[in-house]
Amino acid sequence: MKETLFNMGEDLGQKASPFLKWAGGKRQILKQLLQFLPSDVRDRTYREPFLGGGSLFFALKPATAFLSDFNEHLILAYEYVRECPDLVYDYLCEHRNNDCAQYYYQIRELYNRNRSQASAAQAARFIYLNKTCYNGIFRVNTQGLFNVPHGRYEATSLPSREHLRQVSKVLKSKKIFVASFEQALEHARKGDFIYLDPPYPPRNGTSYFTHYTCDKFTAKDQEKLADTVRWLDATGCLLMISNGNSDKILQLYKGFNVRTLTVRRFITCKKNRDKIQELVITNYEVALWPK
């Protein structure tokens with residue numbers, strides 16, 4: 001399928017941007033990803049079943065969107081910001097200027113103690129922990145307890161009231177729900193645009209990205225995802241997939257259009273960023289592939 005390039009110069013409307021910091025997030029390569037989109041992407045039904053920080057969604061602000069993730073903690077934060085941004089902000093103010101390690105671990109313990117209770121206060125704790133934990137990682141143990149250490153940042157930037165209000169406006173008419181990618185994509189239809197950004201395969205045998213929920217995202221899950229992609233392709237959906245660069249992933253998506261991007265990420269506890277390669281995979285071509 002031949003598509004023209006998405007016009008990056010278009011007015012993207014409201015100024016909402018991601019309110020979370022997310023490991024593996026796409027902020028730093030967002031301009032490159034936008035170049036891979038079909039020109040009419042915002043007129044299509046948009047589906048993103050690995051929502052995370054939602055960088056691409058917030059850049060596009062499509063009229064119709066189905067946003068989901070298997071991480072219930074994450075989705076609850078989105079829902080409360082959508083429905084009551086001022087209340088979430090008021091609770092978030094309780095944590096402002098309190099980013100020392102001792103306070104962080106107190107809030108982490110309180111968050112885990114209340115993990116089964118949905119509330120604006122719990123959503124605010126989630127945002128605070130996300131902004132002050134190591135590298136924006138979300139990781140839980142086998143009991144479902146959030147266990148990421150303190151990030152030791154010189155300063156913590158929490159979202160403002162206006163920021164959360166803008167996010168709320170953009171999310172108001174969107175469907176947001178907890179689901180596996182299979183469940184989230186069951187009702188996809190011909191012409192839908194789907195962006196898939198799954199947890200990447202580990203580079204050195206272990207990876208924070210695979211401990212996203214109590215159940216890891218395994219090699220078998222990558223295979224299931226590739227099978228789902230082929231079914232969606234046959235259905236007539238337009239697909240863009242971000243994934244790690246490995247022989248396994250390249251084999252799974254053989255026959256699709258594949259481009260390689262170089263990205264700098266914190267992969268270990270080192271302060272410097274490592275250069276790694278990520279893949280952008282589509283089932284359509286554009287008039288001029290970005291270099």
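The table below gives the values:
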item: Over the chain, relative contact order from alpha-carbon pairs under 8 Å, at least 6 apart, %; result: 23 percent
item: Candidate aspartates and glutamates for bridging to residue 15, where Cα separation is under 17 Å - those fewer than 8 sequence places away on the same chain excluded; result: 162
item: Full-stretch length increase - residue 235, residue 27 - with 0.36 nm per residue and alpha-carbon distance subtracted; result: 71.9 nm
item: Inter-probe distance in nm under a simple model that places probes 7 Å from Cα toward Cβ, at residue 79 and residue 160; result: 3.0 nm
item: Inter-site label distance for residue 103 and residue 134 at 7 Å from Cα along Cβ, in nm; result: 2.2 nm
item: Cross-link reach list, aspartates and glutamates versus residue 216, counting only Cα pairs under 18 Å and skipping chain neighbours closer than eight places; result: 69, 72, 182, 197
item: Computed FRET value (nearest 0.05) for residue 250 with residue 94, which takes r as the C-beta separation and R₀ as 41 Å; result: 0.30
item: Kirkwood hydrodynamic radius (C-alpha pairs) into Stokes-Einstein, the chain, 4 °C and 1.567 mPa s, D in µm²/s; result: 66 µm²/s
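All of the numbers you see were taken from the coordinates with simple rules; none came from a lab. If you're wondering where the values come from, they're calculated on a predicted model, not measured in any experiment. Backbone-built Cβ (ideal geometry, glycine too); neighbour counts: all protein chains shown.
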